[in-house]
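Below: one structure, written as structure tokens.
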Amino acid sequence: MVAFAEVASPTQFVKIDQNVDQATLDEYHYMDQGTRLVPAAWLVSLERTDGGGKFMSSDNMRRLGFLVDNVVTDKMNPYGWPIGFTVSDASKTDGIPIAGINCANCHTGHIEYKGTALRIEGGQTNAWANNFFYEMFSAFAATAADPARRAQFFKEAIKAGYPADRIEADFEAEAATFDLEASRVRDYLYVGPGRSDAIQGIVNRIYAHSLMEPANNRDPNAPVDRPYLWDVGRLSWVEYNSCIPRKALSRNILQVLGVAATTHIVDRKTGALNPEPLRWESSIQLDNLIWLEKVGDRLRAPTWPEGVLGHIDQTKAEQGRQLFAANCAACHGIKQLPDGSWDAPVIPLQTIGTDPGQATNFAAYTYDGTKIGLSKDARGVDAAIVVNAFRSHLYAENHTPKAEQEDDVKFEAPCGYRARPLIGVWATPPFLHNGSVRTVFDLLSDTRPAKFPVGSSEYDPTHLRYTEGEGLTTMVFDTSIVGNSNAGHWWTDDTGRPGRIGPKLADADKYAIIEYLKAATYDNYPSEKRDYEATMPCQNDRDWASKK
């Protein structure tokens, strides 16, 4: 059940210093990383299917949860689109600027409290990505099917700069894909705002879309809360299931491939494998991707803004710090390795007891990879071969010195989820890897709501959550749906309950831990030095999920 509402806009905005200056952030928000959706002139001219005006209007984008800054720059954001939408350099895309998205689109947070808005750089957007793609492609399909709409669209797209002598043929060439693209996400609108099954989406793009093998599509039915980006460059392994090692460029190439990079692994007309080096050419923008990563590495966790969200009770926070050190730091403390990275231990599924879908799907799903020399039962981990090939080709194209090149990457499929440090976690509700627990208070409890509304940006500083009031788009999160389980990470006296972490906590202790999470900084957070990296459960058993 989805509801749309009129919600008052904040009256003032407060910036939290996260170690990156605003001029750099303005560039970061709109930097093209190589994703290619549709021509920018088409997208800016597109009308909503319901007759509500332009699809990319500020009102419609806010309704879908995107962050509209109204920043307009001739070079990077000529249409004043929301944060994270990009426009390609026309000289690199056959003379026609192409719309895309970058990492800021999914990883920029927004919190409101009593009329004041806080930007959380590297946080999680509340945008409803599945609905955006569904409505966008549905609007293109409606335009293709209606001669009057099509004629008006052509007129406006030409006015926006699309070549008049190309638009009819180019639009016709894409028209057959619009309904198909809409149908691919229709069944997953339940995912709602702020979540996506990003890993499965990436693997599907590689094995199904890039190879033109639609039978390789697998259900993206394990949606996750978008992870926050500060300190991610310090973690030894990334993604919730720690499937990718800390090799920044390889990780981000995978992300661009998964969102909508243009690839040439196969001939798009015949599906036949292209010869090398054409096979590994792509739209990925190497220099921009490296620049974006360097900016991301500078991001630091947001500090609690007492002037907006209220003062921290330092006495209670100290009590919470001691409780956190005794009960939480074994998993979530900083574990610094000799190279300066942080070991993020993987907690086995049988121990943590949370929804297993993201880990089991990545480990168990198989794909026909014979077209690129893999087996008929290739796995998600085998996508590393594709990433390595694209990265090597990019290095060759850009004449990257050997000393600046990453080594080949190897993916893993551990049977668990990582436990990363929680500095700044107060700014990232809801919780657990799949966003199935609405508050930190609930996360520390032995019972949790089975359903709760999501979509509001109004913050509750007492429980560390979004309120259950109306947002521009509000829907009910149902934990009974596959991929949405809120089980695990229990604090309960029931010693037989799967996923029990420790005994039931008194409410006073929960609130003390909450107060500490508000006050947690790099200076007061539990930290230790290690000379080894913890072994990940099932790391070397690629068939563990199939044995369950």
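Laboratory data are not the source of any read-out in this text; all were calculated from the coordinates shown. Since this is a predicted model, take the numbers as computed values, not measurements. Methodologically, a virtual Cβ is constructed for each residue, glycine included, from the backbone with ideal geometry; neighbour enumeration extends over all protein chains shown.
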Note on the range 486-548: alpha-carbon gyration tensor, axes a ≥ b ≥ c; rule is a/c under 1.5 for rounded, else prolate if a/b larger than b/c, else oblate; result oblate
Segments 179-187, 342-350 sorted - mean Cβ within 10 Å per residue, highest first
342-350, 179-187
Helix 147-159 sits off the longest principal axis of the Cα atoms of the chain, rounded to the nearest 10 on a 0 to 90 degree scale, by 90 degrees
Between the residues 249, 484, 104, the Cα farthest towards the positive end of the dipole of the chain, that dipole coming from +1 and -1 charges on the beta-carbon of Lys, Arg, Asp and Glu, is from 484
Mean Cβ count within 10 Å, highest first, over the residues of peptides 152-161, 363-372:
363-372, 152-161
Dividing the mean separation of Cα pairs under 8 Å (6+ apart) by the residue count of the chain yields a relative contact order in percent of 18 percent
Please work out the ratio of the alpha-carbon Rg of the chain to 2.2 N^0.38 Å and round it to two decimals.
0.96
Stretch gain in nm, segment residue 145-residue 312, where the contour uses 0.36 nm per residue and the Cα spacing is subtracted:
54.4 nm
Taking a ≥ b ≥ c as the square roots of the eigenvalues of the Cα gyration tensor of the range 345-493, is the shape rounded (a/c under 1.5), prolate (a/b larger than b/c) or oblate?
prolate
How big is the gap, in Å, between the Cα center of the range 12-44 and the Cα center of the range 384-439?
21 Å
Testing the spin-label approximation: label points 7 Å from Cα along Cα→Cβ at residue 291 and residue 336. State their distance in nm.
3.2 nm
Once you put a point 7 Å from the Cα of residue 370 and another 7 Å from the Cα of residue 89, both along the Cβ direction, what distance in nm separates them?
4.2 nm
Out of residues 5 or more away from residue 347 or on other chains, whose amide H comes under 5 Å of its own, with H placed 1.01 Å from N in the peptide plane?
417, 418, 419
Magnitude of the charge dipole, the chain, Cβ model with Lys/Arg +1 and Asp/Glu -1, debye to 20:
600 debye
Surface/4 estimate of mean projected area, convex hull on alpha-carbon atoms of the range 247-314, nm²:
8.0 nm²
Expressed in nm to one decimal, what extension gain is obtained for the pair residue 410 and residue 164 from 0.36 nm per residue of sequence separation less their Cα-Cα distance?
83.9 nm
Longest principal axis of the chain (C-alpha) makes with the long axis of helix 314-327 (C-alpha) an angle, in degrees to the nearest 10, of 80 degrees
Magnitude of the charge dipole, the range 86-221, Cβ model with Lys/Arg +1 and Asp/Glu -1, debye to 20:
400 debye
What FRET efficiency do you get for residue 276 and residue 217 if R0 is 35 Å and r is their Cβ-Cβ distance, rounded to the nearest 0.05?
0.85
Tally the DSSP beta bridges in the range 446-522 and give the antiparallel ones as a percent, rounded to 5.
75 percent
Over 20 Å between Cα atoms, which of 92/371; 247/335; 75/155; 269/371; 15/114 qualify?
92/371; 75/155
Within the chain, the percent of DSSP beta bridges that are antiparallel, given to the nearest 5, stands at 75 percent
Return one number: the angle in degrees, 0 to 90 and rounded to the nearest 10, between the long axis of the Cα atoms of helix 129-145 and the longest principal axis of the Cα atoms of the chain.
20 degrees
With n ≥ 4 as the cut-off for DSSP H runs, can you work out [θ] at 222 nm for the chain, using -39500 (n - 2.57) per run divided by the number of residues, rounded to the nearest 500?
-9000 deg cm²/dmol
Please sort 193-204, 70-81, 105-116, 443-454 by packing, taking for each peptide the average over its residues of neighbouring beta carbons within 10 angstrom, highest first.
193-204, 105-116, 443-454, 70-81
Tell me the label-point distance for the pair residue 509, residue 480, using the 7 Å Cα-to-Cβ offset, in nm and rounded to one decimal.
3.3 nm
Under the rule rounded for a/c under 1.5, else prolate if a/b exceeds b/c, else oblate, using alpha carbon gyration tensor axes a ≥ b ≥ c, the range 424-548 is classed as oblate
